Amino acid sequence: YKRQGDRLVPRPPDEILALKVAEPAMGSGSFLVAALRYLVAALHAALEHHGRIVPKSERETVVTLPFGAPARGELHEEPLPLPPEDERFPERLRAVLARHVVERCLYGVDRNPMAVELARLALWIETLDPELPFEYLDHKLKVGDSLVGCWLHLVEDYPARALEREGGDGKQGERTKWLKERFNHAKAELPGLLHAQGGAQSLFDSVSLPPADLVAKVRERFDALHDMSREDRERAYQELLGSVEYRTLKTRMDLWCALWFWTPADGEPVMPREWGDPPADKLAAAAVIAERERFFHWELEFPDVFRPGQPGFDAVLGNPPWDVAKPNSQEFFSRHDPLYRTYNKTEALRVQERLFAATPGLEEEWTRYQGRFKAMTNWVRSGAKPFDVTLGGGKAGRELAAGWADRRAGRAHLAHPDHPFRRQGSADPNTYKL
């Protein structure tokens, strides 16, 4: 609504349908359902206020809606085979409006595939449209970790700080030493590479279009989904996911993120000299890590939201999990000893040793579990400044770093430049804050 004098009046329907609302940890989608009901009521009021519900005959009513968000000045006539005075009319109209709101305004992400399925079911039921295929929500409600993903202005350059972390086995552990060696190796390679090429070797050297143009092509195909028939939308969305543009960006964004969670068990990580043409085995390893961690790249997955003039959502809703992102020995070992929570620290350590001896692979699993939290802490700390490493000493090193920073500053992107995690502070990462 907007204020006119001392009263509120509905905004035009095209402005309401242009709103973008996200729930980034949606669970079963209860906040999205509430948003759907709110927006449907507002859209109905807008249609009545602006004269968009017009009887066409004794047996038909035409509801005029804009095609999508943002509106392009085109109108879409939605015929309803009922006059406005028919007692069934409000329910039929609500089903039509709910479908348009879901298709154009609502977006959701969750790490848990079952939660995503429940959210799809909840919104599908809420539309009250039995003819609507369940799959029509696949491109709006997605599985992924909304906290971990890559952005267009970062993906082309090697994120050296991804390897600057502990491995989960302590500061002197073998995993930590392994990561430190790779971090030092990456730092040593970067200056020569930057000098030789006049800039960072890019993952897109072999691709004719830069990332911003690739995502523009993905956006064009995504936008077209809104105006397709129900029968064509699912086919077209699967074709989009298989397109060269989408696969190229996703492969490279997944590789960029995978370095932050790479472990010795994943093999040797990609080094700066390989960045422009990564070996096939390392790309395969990155794909496995991406599947495990469920990276989510917002600009790629919802390209109609991150676009010139609209760098993100109008509203973000939800009640994210209040979890401190740090290892919890009681949670981990209680799966193997139900009494573990009752032990004091000394007893707990003794039980850990007993369980390690009795259960093959458990100690490795515990180390990997701790290492994942170390990786996440590093992501929170350094994800927004992944290239902030020393490139040699003295004036030459500073000039090289400054030149590289200038080149990076020219990268096209559609997100806020200060993201992410500016307000986390020095405490343990908390998923609600993040």
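The values are calculated or read from the model by the stated rules, or taken from the named source; none is laboratory data. None of these values were measured; they are calculated from a predicted model. With ideal geometry, Cβ positions are generated from the backbone for all residues, glycine too; neighbour counts draw on all protein chains shown. With ligands, DNA and RNA removed, areas are computed over all heavy atoms of the protein, side chains included. Shrake-Rupley method; radii C 1.70, N 1.55, O 1.52, S 1.80 Å.
Failed condition for ASN112, given (1) over 16 Å from the mean Cα position of the chain (by Cα); (2) at pLDDT 90 or above; (3) surrounded by fewer than 18 Cβ atoms within 10 Å (Cβ to Cβ), with all others met?
So ASN112 meets the others, but not (1).
May I ask you to say which residue of ALA384, ALA401 is open to solvent by 40 Å² or more (accessible area, probe 1.4 Å), more than 18 Å from VAL324 (Cα to Cα) and either among the β-branched types (Val, Ile, Thr) or under 30 Å from the mean Cα position of the chain (by Cα) (or both)?
Result of the check over ALA384, ALA401: ALA384.
Is at least one residue of segment 366-376 out of contact with any Phe, Trp or Tyr (no Cβ under 7 Å at 6 or more places or on another chain) and β-branched (Val, Ile, Thr)?
There is at least one residue in segment 366-376 that is out of contact with any Phe, Trp or Tyr (no Cβ under 7 Å at 6 or more places or on another chain) and β-branched (Val, Ile, Thr).
Need the failing condition index for LEU147 against (1) open to solvent by 10 Å² or more (accessible area, probe 1.4 Å); (2) in contact with a Leu (Cβ under 9 Å, 6 or more places away or on another chain); (3) not in a loop (DSSP other than H, G, I, E, B), just the number.
For LEU147, the exception is condition (3).
Any idea which of LEU141, LEU118, LEU97 is over 30 Å from ARG292 (Cβ atoms), surrounded by 15 or more Cβ atoms within 10 Å (Cβ to Cβ) and either among the β-branched types (Val, Ile, Thr) or at pLDDT 85 or above (or both)?
The conditions single out LEU97.
For residues in segment 227-239 being modelled with pLDDT of 70 or more and closer than 15 Å to VAL102 by Cα, which is surrounded by the most Cβ atoms within 10 Å (Cβ to Cβ)?
Here the answer is ARG233.
Return the residue satisfying two criteria in turn: it lies in segment 158-182 and is open to solvent by less than 20 Å² (accessible area, probe 1.4 Å) and not in a helix (DSSP H, G or I), and of such residues it is nearest to ARG381 (Cα to Cα).
PRO159
Starting from segment 183-207, take each residue that is outside any loop (DSSP other than H, G, I, E, B) and list its partners that are at pLDDT below 75 and open to solvent by 20 Å² or more (accessible area, probe 1.4 Å), counting only C-beta distances under 6 angstrom and pairs at least six apart or across chains.
Once the first residue is outside any loop (DSSP other than H, G, I, E, B) and sits in segment 183-207, its partners that are at pLDDT below 75 and open to solvent by 20 Å² or more (accessible area, probe 1.4 Å) give LEU193/GLN201.
Give the residues of segment 26-40 that are hydrophobic (A, V, I, L, M, F, W, C) and open to solvent by 30 Å² or more (accessible area, probe 1.4 Å), sorted by residue number.
PHE31, ALA34
Which one of these is farther than 30 Å from ALA212 by Cβ, within 32 Å of the chain's Cα centre (by Cα) and surrounded by 15 or more Cβ atoms within 10 Å (Cβ to Cβ): TYR369, TYR432, TYR340?
It is TYR369.
Please list, ordered by first then second residue, the pairs with beta carbon atoms under 7 Å, 6 or more apart or interchain, first in segment 387-405 and more than 24 Å from LEU259 (Cα to Cα), second modelled with pLDDT under 85 and open to solvent by 40 Å² or more (accessible area, probe 1.4 Å).
Short answer, once both residue conditions are applied: none.
Report, by residue number, each residue of segment 42-74 that is modelled with pLDDT of 75 or more and either aromatic (Phe, Trp, Tyr) or assigned to a loop (DSSP other than H, G, I, E, B) (or both).
HIS50, GLY51, ARG52
Is it the case that ALA45 is in contact with a Gly (Cβ under 7 Å, 6 or more places away or on another chain) and either within 22 Å of TYR107 (Cβ to Cβ) or open to solvent by less than 60 Å² (accessible area, probe 1.4 Å) (or both)?
no
Test each condition in (1) open to solvent by 50 Å² or more (accessible area, probe 1.4 Å); (2) outside any helix (DSSP H, G or I); (3) within 26 Å of GLY371 (Cβ to Cβ) for ASP277 and report the one that comes out false.
Checking ASP277 against (1) open to solvent by 50 Å² or more (accessible area, probe 1.4 Å); (2) outside any helix (DSSP H, G or I); (3) within 26 Å of GLY371 (Cβ to Cβ), the one that fails is (3).
So LYS345 fits all but one of (1) over 15 Å from the mean Cα position of the chain (by Cα); (2) farther than 27 Å from GLY267 by Cα; (3) crowded, with 17+ Cβ neighbours inside 10 Å; what number is the exception?
If we test LYS345 against (1) over 15 Å from the mean Cα position of the chain (by Cα); (2) farther than 27 Å from GLY267 by Cα; (3) crowded, with 17+ Cβ neighbours inside 10 Å, just (3) comes out false.
For segment 284-334, enumerate the residues that are in a helix (DSSP H, G or I), under 22 Å from MET253 (Cβ atoms) and either open to solvent by 70 Å² or more (accessible area, probe 1.4 Å) or without any contact (Cβ under 8 Å) to a residue 40 or more places away in the chain (or both).
ALA284, ALA285, ALA286, ALA287, VAL288, ILE289, ALA290, GLU291, ARG292
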